[in-house]
Amino acid sequence: MYAQYQAVGRALRELRVGPGAPVVTRVGNDSVFFPLFAACMSAGAALVALGEATDEEAASIIASCEAAAIVTERPLPGASANSVSIGGGVQIVSLRSPRRAEVYADSVVLKLTSGSTDLPKAALAGIQHLVSDGRHVIEAMGIGPHDINLACIPLSHSYALGNIVMPLLLQGTAVALRQSFNPLQFPDDVRAAGATVFPGVPFMFHRFRTLDFDRLPPCLRLLITAGARIDPATVRWVHDRLGRKVHSFYGSSETGGITYDDSDDVPDGLHVGRPMPETTVETRDPDATGAGRIVVSGTAVAPAYAGHGPVRAAGPRGPAAPDSGFVGGSFITSDVGYLDAGGRLVMTGRVSPIVNVAGRKVDPAEVERVLTELPGVVDARVVGTACDRRGQQLVAFVVSEAGLNSVTL
């Protein structure tokens, strides 16, 4: 890995990718991601990890972030022939005419958020925010240098940066990489790697249940779920059938880790634990139930979105947008919840744009709650779209035990 780290550093220097220059990577769950990440931070570059973006999405993001170079196994059309191999079939390709040589401050990662109607926004996480996030994860979850993470979640996501990438770089916590999650292969993967920690997402643990697993390899001591709310019945089933607690972890691209449930019990009401180290969680503007907008501050919280704040060099895009969510060193999330008597965060929903269907105002979150109560429904997301007849209409994306479906309501 160190040799590849040196190769990436030499390639960046040869291609004249200096401090503040955006470097876009399209490599997925490949071991090259780790030396690439470390070399970009050492060179002061701004790393943009695209994950599973399509060519069209990648081209748009590359243009919008004014990328100086692309790390890829297959260059995009329009890239120059000026490229340097860094091994393993991966090369760094210089763009013909980056609009600016230096766009961002030194050593940042542009953590892409999921965009539902436009290109994703990018939270600007400096190296100090990433290190803090990694330290918080290590401390809160008790992850040590001798643990082995089984990595099926995309390394490009904020979740993996904090739980997989930073523990490896900070203390040498080993990683067993998989390109994707294969539930039938999972027990064999765990045994082959000697994996002790598995950071997953709810649908992965739901697959344990539908496949009726009867045991997990004894080396696997810690199961973590993040990215969405997990079905309490799945948590209960894994605990009762497999003898493991699935620990809920709540975070975002803008904040890093927010809360973590480190308890071993399975309560009747599912919560997402207490605040991470050096992290403060508050609620704002409570509703009739006492739940309010969740506000996060701490050492892992990013300062701004790309193009809207002080991390970016002076340019034409101006100051932070007032509705960006970043206010006074804190981030106002779109999630709603409350802190219970034990200081644990209970999630109750999220701030959703009201959809006006034929004059009736409908909250998509309420529809989602009803859908997820139906038999066989694992998860649901509801959005509003234009409709010639009713002004707007609701479209529901439903994850059932049989797979993903969409329906217009």
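The values are calculated or read from the model by the stated rules, or taken from the named source; none is laboratory data. Please read these numbers as outputs of a predicted model, since none were measured by experiment. Here the Cβ positions follow ideal geometry from the backbone for every residue, glycine too, while neighbour counts run over all protein chains shown. Calculation scope for accessible area: heavy atoms of the full protein, side chains included, ligands and nucleic acids excluded. Shrake-Rupley method; radii C 1.70, N 1.55, O 1.52, S 1.80 Å.
Under 22 Å from residue 226 (Cβ atoms) and either in a strand (DSSP E or B) or at pLDDT 85 or above (or both), is that true of residue 404? Against the criterion (under 22 Å from residue 226 (Cβ atoms) and either in a strand (DSSP E or B) or at pLDDT 85 or above (or both)), residue 404 qualifies. The number of residues in segment 142-165 that are farther than 15 Å from residue 1 by Cβ, touching a Leu at 6+ places or on another chain (Cβ under 7 Å) and either part of a helix (DSSP H, G or I) or among the acidic types (Asp, Glu) (or both) comes to 1.
Taken together, 299, 259 contain a single residue that is hydroxyl-bearing (Ser, Thr, Tyr) and open to solvent by 10 Å² or more (accessible area, probe 1.4 Å), which is 299. Here residue 190 clears all of (1) in a helix (DSSP H, G or I); (2) at pLDDT 95 or above; (3) over 23 Å from the mean Cα position of the chain (by Cα); (4) not acidic (Asp, Glu) except the condition numbered (3). Only one of the numbered conditions (1) β-branched (Val, Ile, Thr); (2) open to solvent by 20 Å² or more (accessible area, probe 1.4 Å); (3) under 27 Å from residue 149 (Cβ atoms) is not met by residue 54, and that is (3). Scanning segment 1-18 for residues that are within 25 Å of the chain's Cα centre (by Cα) and open to solvent by 20 Å² or more (accessible area, probe 1.4 Å) turns up 1, 5. Just to be sure before I move on: is residue 140 closer than 17 Å to residue 276 by Cβ and modelled with pLDDT under 95 in the structure I sent? Here the answer is no, as residue 140 does not meet what is asked. Annotation: of all residues in segment 1-48 being part of a loop (DSSP other than H, G, I, E, B) and in contact with a Pro (Cβ under 8 Å, 6 or more places away or on another chain), the one that is farthest from residue 73 (Cα to Cα) is 44.
Yes/no matrix, rows are residues, columns are (1) part of a strand (DSSP E or B); (2) over 22 Å from the mean Cα position of the chain (by Cα):
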position: 204; (1), (2): no, no
position: 207; (1), (2): no, no
position: 212; (1), (2): no, yes
position: 227; (1), (2): no, no
position: 262; (1), (2): no, no
position: 268; (1), (2): no, yes
position: 282; (1), (2): yes, no
position: 288; (1), (2): no, yes
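Among the residues of segment 207-220, are any touching a strand residue (DSSP E or B) at 6+ places or on another chain (Cβ under 8 Å), open to solvent by less than 10 Å² (accessible area, probe 1.4 Å) and under 19 Å from residue 159 (Cβ atoms)? Within segment 207-220, one or more residues are touching a strand residue (DSSP E or B) at 6+ places or on another chain (Cβ under 8 Å), open to solvent by less than 10 Å² (accessible area, probe 1.4 Å) and under 19 Å from residue 159 (Cβ atoms). Scan segment 166-177 for residues that are open to solvent by 10 Å² or more (accessible area, probe 1.4 Å) and assigned to a loop (DSSP other than H, G, I, E, B) and jot them down. Correct list: 172 only.
Restricting attention to segment 221-235, the residues that are farther than 19 Å from residue 400 by Cα and surrounded by fewer than 16 Cβ atoms within 10 Å (Cβ to Cβ) total 1. Name the residues in segment 229-257 that are part of a strand (DSSP E or B) and among the hydroxyl-bearing types (Ser, Thr, Tyr), would you? Of everything in segment 229-257, those that are part of a strand (DSSP E or B) and among the hydroxyl-bearing types (Ser, Thr, Tyr) turn out to be 248, 250, 252.
Out of segment 52-70, which residues are under 21 Å from residue 19 (Cβ atoms) and assigned to a loop (DSSP other than H, G, I, E, B)? 65, 66, 67, 68 - these are the residues of segment 52-70 that are under 21 Å from residue 19 (Cβ atoms) and assigned to a loop (DSSP other than H, G, I, E, B). Taken over segment 30-89, the residue count meeting the criterion of being closer than 20 Å to residue 169 by Cβ and modelled with pLDDT under 90 is 3.
Go through the residues of segment 98-111 one by one and say whether even a single one is at pLDDT 90 or above, basic (Lys, Arg) and within 19 Å of the chain's Cα centre (by Cα). Yes, the conditions are met somewhere in segment 98-111. Applying the condition of being out of contact with any helix residue (DSSP H, G or I) (no Cβ under 7 Å at 6 or more places or on another chain), under 23 Å from residue 276 (Cα atoms) and not polar (S, T, N, Q) to segment 178-199 and asking which residue is surrounded by the most Cβ atoms within 10 Å (Cβ to Cβ) yields 198. Residues that are farther than 17 Å from residue 259 by Cα and without any contact (Cβ under 8 Å) to a residue 60 or more places away in the chain within segment 223-239 comprise 232, 233, 234, 235, 236, 237, 238, 239, listed in sequence order.
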